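Below is one structure; the comments refer to it alone.
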Amino acid sequence: MNSFDVVGFGALNVDKLFKVNKIAGIDEEGFIIDCEESCGGSAANTIVGLARLGCKVGFIGKVANDREGKMLIEDFRKESVDEKGVIRSRKGRSGTVMGFVDQKGGRALYVDPGVNDTITFNEINKEYAFKSQFLHLTSFVGKKSFETQKKLLEALPSTVKVSLDPGELYARKGMKILKPIIKRTFVLMPNHNEIKLLTKKTEYREGAKSLIKKGAKIVAIKLGSRGCYVTDGKESHHIKAFKVKVVDTTGAGDAFCAGFLYGLLKGKSLYECGEIGNFVASRCIMKIGARPGLPRFQDLKVLG
């Protein structure tokens, strides 16, 4: 019996967003107009999205014993995400992302991974991952936690399906380094830029085809305002995005992953999974931040 629908395994960060008059260059000065803090991390955003849709979810990650670490754990509790798989480190600092956004929406991000990059295979709760229908992986900056992910996949029972949102960090590693993960992946969810980096193919359909050949069962490509392209090698669909007023695209890709995984859990068709992914992403971009706009289960009624 599965304890969880999905367990996430990725970086946990507190996002500190500063609105600035301009993004300063070398030897320049700018000033801060406003600032806000929120909990983030790609896999964590997806897991919160699934929790809001009524799924039973947990998380494998690491925080330090500091204000940010407590904030990240507290936020999971508030969102009904099981946080027993999160390792609490006595030393070091929790992950943070400093974001500077100018008045035109241009942004510069600086990631301080902190203890995110120190996860070893011995300290993670394997049983926790083994009792899930899906293990959802996202990227780490450093090598140690990436190696731990690979090791966990080797030990993972075949009953657990793997989903991967590579992000730019893992896409840049290239196919050769990611091969052990891709061949074990059930659903791979890159965006257009990531598929180019990963496969060296500019045409995303060709990129998707090569990833299916490398072992991924389903490839769902996030195309932003153009919706998504999904294929399992037998059938392929381009699914249009929902027309909404865009406020902030932060976390849209993570939201898409939540919707797509929800569709798979509910046994929906490939087309419906893409449609639910697009819908969840459309709700996310109508509000500022990665999580405030994430819909609830009852919001899915509009899809019929």
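The values are calculated or read from the model by the stated rules, or taken from the named source; none is laboratory data. Keep in mind it's a predicted model, so treat the numbers as computed, not measured. For neighbour counting, all protein chains shown are included, and Cβ atoms are generated from backbone atoms with ideal geometry for every residue, glycine included.
Does residue 31 fit the bill of being among the aromatic types (Phe, Trp, Tyr) and either touching a residue at least 40 places away in the same chain (Cβ under 8 Å) or surrounded by 14 or more Cβ atoms within 10 Å (Cβ to Cβ) (or both)? Before you say what the answer is, go through the steps one by one.
Numbers: among the aromatic types (Phe, Trp, Tyr): yes; either touching a residue at least 40 places away in the same chain (Cβ under 8 Å) or surrounded by 14 or more Cβ atoms within 10 Å (Cβ to Cβ) (or both): no.
No, not satisfied.
Taken over the range 167-210, the residue count meeting the criterion of being assigned to a helix (DSSP H, G or I), over 22 Å from residue 225 (Cα atoms) and in contact (Cβ under 8 Å) with a residue 40 or more places away in the chain is 1.
Listed here are the strands (runs of 3 or more DSSP E) enclosed by the range 41-157 that have at least 1 residues being β-branched (Val, Ile, Thr): 57-64, 86-89, 95-101, 107-112.
Taken together, 78, 62 contain a single residue that is of a type outside the set (Asp, Glu) and free of Cβ contacts under 8 Å to residues at least 12 places away in the same chain, which is 78.
One line per residue, one yes/no per condition, for (1) surrounded by 14 or more Cβ atoms within 10 Å (Cβ to Cβ); (2) within 25 Å of residue 59 (Cβ to Cβ):
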residue: 127; (1), (2): no, yes
residue: 141; (1), (2): yes, yes
residue: 147; (1), (2): yes, yes
residue: 167; (1), (2): yes, yes
residue: 178; (1), (2): yes, yes
residue: 188; (1), (2): yes, yes
residue: 195; (1), (2): yes, no
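What do you reckon, is residue 19 basic (Lys, Arg), surrounded by fewer than 20 Cβ atoms within 10 Å (Cβ to Cβ) and closer than 20 Å to residue 127 by Cβ?
Values: basic (Lys, Arg): yes; surrounded by fewer than 20 Cβ atoms within 10 Å (Cβ to Cβ): yes; closer than 20 Å to residue 127 by Cβ: no.
So residue 19 fails the test.
Please tell me if residue 249 is over 18 Å from residue 270 (Cα atoms), modelled with pLDDT under 95 and within 19 Å of the chain's Cα centre (by Cα). Against the criterion (over 18 Å from residue 270 (Cα atoms), modelled with pLDDT under 95 and within 19 Å of the chain's Cα centre (by Cα)), residue 249 qualifies. Filtering the range 178-191 to residues that are of a type outside the set (D, E, K, R) and modelled with pLDDT under 95 leaves only 180. With respect to residue 287, is the statement that it is farther than 18 Å from residue 136 by Cα, of a type outside the set (Asp, Glu) and at pLDDT 95 or above true? In short, no.
For residues that are loosely packed, with under 13 Cβ neighbours inside 10 Å and either among the polar types (S, T, N, Q) or in contact with an Asp or Glu (Cβ under 6 Å, 6 or more places away or on another chain) (or both), tally how many sit in the range 108-125. Here the count works out to 1.
The set of residues in the range 222-266 that are of a type in the set (A, V, I, L, M), touching a residue at least 40 places away in the same chain (Cβ under 8 Å) and over 20 Å from residue 211 (Cβ atoms) comprises 241, 244, 246, 247, 255, 258, 265.
Among the residues making up the range 1-16, those that are surrounded by 14 or more Cβ atoms within 10 Å (Cβ to Cβ) and either of a type in the set (A, V, I, L, M, F, W, C) or over 23 Å from residue 54 (Cβ atoms) (or both) are 4, 6, 7, 9, 11, 12, 13, 14, 15, 16.
For the range 267-297, name all the residues that are within 17 Å of residue 219 (Cβ to Cβ), among the hydrophobic types (A, V, I, L, M, F, W, C) and either surrounded by fewer than 22 Cβ atoms within 10 Å (Cβ to Cβ) or touching a residue at least 60 places away in the same chain (Cβ under 8 Å) (or both). Within the range 267-297, 270 is the sole residue that qualifies.
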